[in-house]
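The values are calculated or read from the model by the stated rules, or taken from the named source; none is laboratory data. If you're wondering where the values come from, they're calculated on a predicted model, not measured in any experiment. For neighbour counting, all protein chains shown are included, and Cβ atoms are generated from backbone atoms with ideal geometry for every residue, glycine included. For accessibility, only protein heavy atoms count, side chains too; no ligands or nucleic acids. Shrake-Rupley method; radii C 1.70, N 1.55, O 1.52, S 1.80 Å.
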Amino acid sequence: MASSSNRSGWYADKQLVSDESTVTSLALYKSLISNPLTDTTTKKTCYTKLVALLDSLPAVRAFNSQSADISQNLYDLLLYRCAVHNELAALYSQAGDVHNASHYYDRAARLYEALIKFVSKSGNNDYGSVHAVFESLEQTLKQWIGVEEAIGRKTKAAKLSARVEKLQAQMIK
């Protein structure tokens, strides 16, 4: 069981995760996901539960890329949320479920873009490397292109390729 004394990072911020049962659930899902003996189906279930828990947190729901300032812990939580969506997409893709993979890659890309927009507007790079978020977004888009090509959506894949090229041009600036 996770307790307040075991909290660190964004877990420690009771304004972000105030309910101990939520902390316990998050810790359990993360533990199962990181366990090498956990099968893919269980990992997908855990990631799905993580997505639901993270998306339901009031601080996450209240985040808006127009926000003036956020705490480092909230930024880390939002970045973790992006990664969870991306990992879930990858699991669906590996399992051959390209429609769910496409959905979660779309969601991850939108979340990464919102973080980039926020950091760009705030002018505050204390949150970490914007370049690393750009790279994560670029990887997500490239993986999503592969999924769209597998579905047979060549037009969508081409549009995503254009987004990657645009993103790469922004990264150079």
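Computed quantities for the displayed model
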read-out: Among the candidates Gly146, Gly96, residue that is assigned to a loop (DSSP other than H, G, I, E, B) and more than 13 Å from the chain's Cα centre (by Cα); value: Gly96
read-out: Residue in the stretch 16-23 that is in a helix (DSSP H, G or I) and loosely packed, with under 11 Cβ neighbours inside 10 Å present; value: yes
read-out: Test: residue in the stretch 126-138 that is of a type in the set (Ser, Thr, Tyr), in a helix (DSSP H, G or I), closer than 22 Å to Val17 by Cβ and modelled with pLDDT under 95; value: yes
read-out: Residue satisfying condition, being touching a residue at least 60 places away in the same chain (Cβ under 8 Å) and not in a loop (DSSP other than H, G, I, E, B), within set Tyr29, Tyr47, Tyr80; value: Tyr80
read-out: Of the criteria (1) at pLDDT 95 or above; (2) open to solvent by 50 Å² or more (accessible area, probe 1.4 Å), which one Glu113 fails; value: (1)
read-out: Test set (1) surrounded by 16 or more Cβ atoms within 10 Å (Cβ to Cβ); (2) within 19 Å of the chain's Cα centre (by Cα); (3) part of a helix (DSSP H, G or I) - Ile70 fails condition number; value: (3)
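Yes/no matrix, rows are residues, columns are (1) in contact (Cβ under 8 Å) with a residue 40 or more places away in the chain; (2) at negative phi; (3) open to solvent by 40 Å² or more (accessible area, probe 1.4 Å); (4) in contact with a Gly (Cβ under 9 Å, 6 or more places away or on another chain):
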| residue | (1), (2), (3), (4) |
| --- | --- |
| His131 | yes, yes, yes, no |
| Trp144 | yes, yes, no, no |
| Val147 | yes, yes, no, no |
| Lys154 | no, yes, yes, no |
| Ala162 | no, yes, yes, no |
| Glu165 | no, yes, yes, no |
